[in-house]
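The values are calculated or read from the model by the stated rules, or taken from the named source; none is laboratory data. Keep in mind that this is a model prediction, so the values were computed, not measured. All Cβ positions, glycine included, derive from the backbone under ideal geometry; neighbour counts span all protein chains shown. Please note that ligands, DNA and RNA were not included when accessible areas were found on the heavy atoms of the full protein model with its side chains. Shrake-Rupley method; radii C 1.70, N 1.55, O 1.52, S 1.80 Å.
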Amino acid sequence: MEKRLILAIILSVVILVAYQMIFVKTPPPTPAMPPAQTGQAGPSKPDTPPPVVASAPQPEAPVMDTAPEAPAIPETQAEPRTVTIDSDHFTARLDNRGAVLRSLVLKKYHEDGKGGVELIPAVLPPDFGSFLSLYLPSQPDLETELARLVYQVDEETVTEDRRSIRQVRFTYRRTNLEVEKRVSFPSDSPYVIGVQCRVVYRGQAIAPLVQIGPGLTEHDLVPAEQYQTPPQIIYFDGGSTSTLDGPKVSDEKDGEQMIRGSLKWAGVQTKFFAALAMGAFPEIRTTNRVWSHTAKDGAAKTAHVVSVFFPAGSNAATIPVYFGPKSYDIMSGISNDLAQAIDFGWFGIIVKPLYYALRWLNQYVSNWGWCIVILTFFITLALFPIRFFQMKSMKQMQRIQPQMKAIQAKYKGSKSAEDRQKMNMEMMQLYKEHGVNPMSGCLPMVVQIPFLIAFYNLIDKSIEFWRQPFMFWLKDLSAPDPYWITPVVMGLTMIIQIKQTSATSPAPDSKVQQAMMTYMMPAMMTFFFLNMSSGLVVYFLFSNVFAWLMQKAVEQFLPSGEPVKGKKAKTKKAVTR
C-alpha cells in the first residue's frame with residue numbers, strides 16, 4: 001500500500017513538473033540507539049523497571065543413560081484446573097495440563113462490539129503445542145510427556161521493589177524428574193508476563209526453550225481489513241527489525257530455522273498485536289508449519305502457522321514477554337527497543353510528533369476523526385507561507401504573460417537547439433526582472449508529500465485508529481470508505497482547487513492541456529485513494545478544503561494580475577538585438 005501511495009504522489013508531481021517545463025517553457029534547473037529502559041506501559045513510567053533478563057542460559061545438556069537412579073519420589077497428584085488472571089487490561093487463562101497459556105483477551109480493544117480481542121488461536125491441531133509450552137529438541141519423548149502432565153498449582157502475590165507481582169507456580173515431581181514453571185504478572189506493566197522455567201531430569205538440569213505461538217489470532221471477522229498482516233515472526237537485533245512470513249522460514253529441518261545474534265527481543269505479530277519475548281538472546285528457533293483447515297465461513301483454508309522458541313532455562317532468570325497491542329505509546333513506555341516493532345517508514349521523524357499531537361487532542365475531543373481534522377488545519381496553517389508564496393508568484397506570472405507569449409512566439413516552429421537555449425535564457429531573464437519563480441506552483445505539493453506519507457504510515461500502523469468511528473458511515477478510520485464517498489469528494493476538491501489556481505496562472509496553449517491538468521491528476525489520486533484508510537482520505541480532503549479557503553481569503557489582499565504595461569515593447573527590442 002505504501003508503494004502505491006508513493007507511486008501516486010510521484011506521478012502527480014511528474015505531471016505538475018512536466019506541465020511547467022513543457023507548456024510554461026521553464027528552463028531546466030542548474031545541477032547542482034541507547035540502552036533499553038523498562039517501565040510502566042502508559043503515559044507515566046514507574047520508579048522501578050519490570051523484570052529484566054539475566055544472562056543467556058546454558059545449552060541443553062545431553063541425558064546420561066548411565067546416571068544413577070534417584071531415590072524414589074511420590075508422583076505429583078493434581079486435578080485439571082484453569083487459573084484465571086483478571087486485570088483492567090486483560091483476562092488470561094492458564095491451564096495446568098502442560099502449564100500453558102490457553103487464552104488472553106485484551107479488554108480495551110474490540111471487534112465489532114463483540115468483546116475484547118483474543119490473542120491466542122482458539123482452534124489448532126494439538127500437536128502444534130500451545131503458548132508457553134516447553135520445547136526440548138534433543139528429547140522429543142520427554143517434551144511430549146511434559147506437555148501432557150497435570151501440574152500442581154500454587155498462587156501467591158509478592159511485593160518486590162514497591163510493586164506487587166501475582167505469581168502462578170506450576171510444579172511436578174516424580175522419580176528422576178522435577179519441573180517448575182513460574183508465570184508472573186507485575187502490576188506496573190499490564191501487558192508484560194514473566195516466564196521462568198526449571199527442568200531437572202535424571203539429576204541433570206536441562207535448559208528448555210519456551211514457545212511463543214503458534215501464530216496469533218487472525219482477525220478474519222473484520223472484512224474491511226483486507227490488508228491484514230498474517231502472523232509473522234519478528235525480531236530485533238538492536239539495529240534493525242526483521243520479519244519473516246511463514247513461507248520465508250527456511251526448510252533447514254522440517255520448517256525450522258535458527259536465528260543467531262545479539263537479539264533484543266523476538267516473537268510473533270499480526271498487523272496490530274504482538275507477543276514478544278524480551279531479553280539478550282544469543283539465538284532463537286523459528287518454525288513454520290502448514291495447517292489445512294476449514295475456516296469460519298466453511299471454506300477450505302491453508303495457513304502458515306509460525307512460532308518462536310526462546311531460551312528460558314535459568315532458575316534465576318525471569319524472561320518478560322509482551323502480550324498486547326502494537327501501540328507506540330505503550331511499547332515505548334516499556335522499552336525504546338520494544339517500540340521498534342512498529343515501523344513508521346521513511347518519514348518516522350514526522351510521524352512521531354503527529355502521533356503525540358493527535359493523542360493530546362484526543363484527550364479533549366474524544367474522536368480520532370475530528371482530531372485528524374483539527375491537526376490538518378494547523379498543518380495547513382503552518383504551510384501557509386509556502387502557499388502564499390505560490391499564490392503571489394502565480395499573480396506575477398499572470399502579469400508578465402504577454403511578454404512570455406511574445407518570446408515563445410518569436411521562436412515558435414524553430415527546432416534549433418541554439419534557438420531553444422536562447423529562448424530559455426530570455427525567459428529566465430524575464431523571470432529574474434520581475435522576481436518570478438516558475439516552479440512555485442509545484443512547491444506546495446512537494447512540501448506536502450512528507451506529511452501525506454507520514455499520515456499514511458501513522459494511520460495504517462497505529463492501533464489507536466483501529467475500529468475507531470468518525471461520523472455517519474465511517475465506522476473504522478483504519479479501513480477504506482465502504483461507499484467511496486470521501487475519495488470522490490476529495491477528487492472534486494482537487495478539481496476546484498486546480499481551477500482556482502489556473503485562474504491566476506498563465507493559461508495553457510489549448511483546452512486539451514487545460515483539461516489534462518484539471519482532471520487527470522484528481523482522477524488518478526481518487527483512484528489510488530479508493531482502497532486507502534478513510535483516516536488518510538479525511539486528512540487529504542480537509543487539507544484541500546482548508547487550503548482553498550485560505551487561498552480565497554488571501555486573494556482579496558494580493559494585487560491583481562493585470563498584464564504589465566509598457567514592458568512588452570522593451571522586451572521585443574531586447575530580443576531583436
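The table for this structure:
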quantity	calculated
Mean Cβ count within 10 Å, highest first, over the residues of peptides 395-407, 178-190, 72-84	178-190, 395-407, 72-84
For the stretch 175-210 and the stretch 94-146, distance of Cα centres in Å	16 Å
Calculated FRET efficiency for the pair residue 240/residue 475, C-beta based, R₀ 22 Å, to 0.05	0.05
Subset of 392/415; 392/432; 422/499; 107/264 violating a 26 Å alpha-carbon distance limit	392/415; 422/499; 107/264
Other-chain or far-sequence residues with amide H under 5 Å of residue 117's (modelled H)	106, 109
For residue 293, solvent-accessible area (1.4 Å; no DNA, RNA or ligand), Å²	40 Å²
Sequence-distant residues sharing a close amide H with residue 481 (under 5 Å, placed H)	534
Cross-link pairs beyond the 24 Å C-alpha cut-off, checked among 326/352; 108/271; 405/552	405/552
Euclidean distance between Cα centres, the stretch 230-244 to the stretch 458-490, Å	28 Å
Computed E for residue 434/residue 553 - FRET, C-beta separation, R0 22 angstrom, nearest 0.05	0.30
Residues in the stretch 184-209 that a label on residue 158 would reach, taking backbone N under 13 Å of a point 7 Å out along Cα→Cβ	184-186, 194-197
Hz values of 3J(HN,Hα) by residue in the stretch 75-83 - Karplus curve (6.51, -1.76, 1.60), Gly and Pro given as x	6, 4, 10, 8, 8, x, 7, 10, 9
